[in-house]
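In what follows, a single structure is set out as structure tokens and then discussed.
The values are calculated or read from the model by the stated rules, or taken from the named source; none is laboratory data. Keep in mind that this is a model prediction, so the values were computed, not measured. We place every Cβ from the backbone using ideal geometry, glycine too, and count neighbours over all the protein chains shown. When the accessible area is computed, the model is the full protein with side chains, heavy atoms only, and any ligands, DNA or RNA have been set aside. Shrake-Rupley method; radii C 1.70, N 1.55, O 1.52, S 1.80 Å.
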Amino acid sequence: MEVIFALVAASAVALVALGIALTSRGQTQMAHQRATSAVQDAAEARASLATLEARIDAVEAQFVSAREELAQTRQELAEARAAQEGPPPLPLARTSSGNLDDLRQRLRAEQQRSPEDEEET
């Protein structure tokens with residue numbers, strides 16, 4: 001009877017060991033699947049990161065180009081405004097001591113001197 005008891009005890013121990021082994025194998029497989037999934041997720045994240053970095057580089061290049069175009073447009077606008085303004089108008093005489101013909105003669109003389117002055121400078 002002791003032998004049967006020993007065999008039953010050994011069988012029970014063997015069944016418990018088998019159960020533990022199967023459980024740990026299942027847990028190992030699940031851990032392996034999780035690790036594989038994590039590796040795949042990391043690879044996808046790296047690919048997404050590379051794509052985003054490429055997009056950022058493209059947007060930065062567009063931004064620099066837009067800034068350069070804006071600076072050029074501002075310069076052209078300033079040049080156009082300067083060209084459009086032209087010389088300031090001649091001041092009117094403030095004295096009323098002369099007649100209208102005198103004023104006209106002074107204005108004509110002023111206008112004739114202005115182009116000559118510009119040529120000298």
Before we move on, is residue 28 at pLDDT 90 or above and either in a helix (DSSP H, G or I) or not charged (D, E, K, R) (or both)?
no
What's the total number of residues in the range 98-121 that are of a type in the set (D, E, K, R) and modelled with pLDDT of 65 or more?
7
Pull out all pairs, ordered by first then second residue, where Cβ-Cβ is under 8 Å, the residues are six or more apart or on different chains, the first lies in the range 70-97 and is at pLDDT 65 or above, and the second is assigned to a helix (DSSP H, G or I) and not aliphatic (A, V, I, L, M).
87/114; 90/110; 90/111; 90/114
Filtering the range 65-88 down to residues that are aliphatic (A, V, I, L, M) and surrounded by fewer than 10 Cβ atoms within 10 Å (Cβ to Cβ) yields 82, 83
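Looking at this structure, is residue 56 open to solvent by 80 Å² or more (accessible area, probe 1.4 Å), modelled with pLDDT of 90 or more, part of a helix (DSSP H, G or I) and not acidic (Asp, Glu)?
Yes; evaluated as a whole, the condition is true for this residue.
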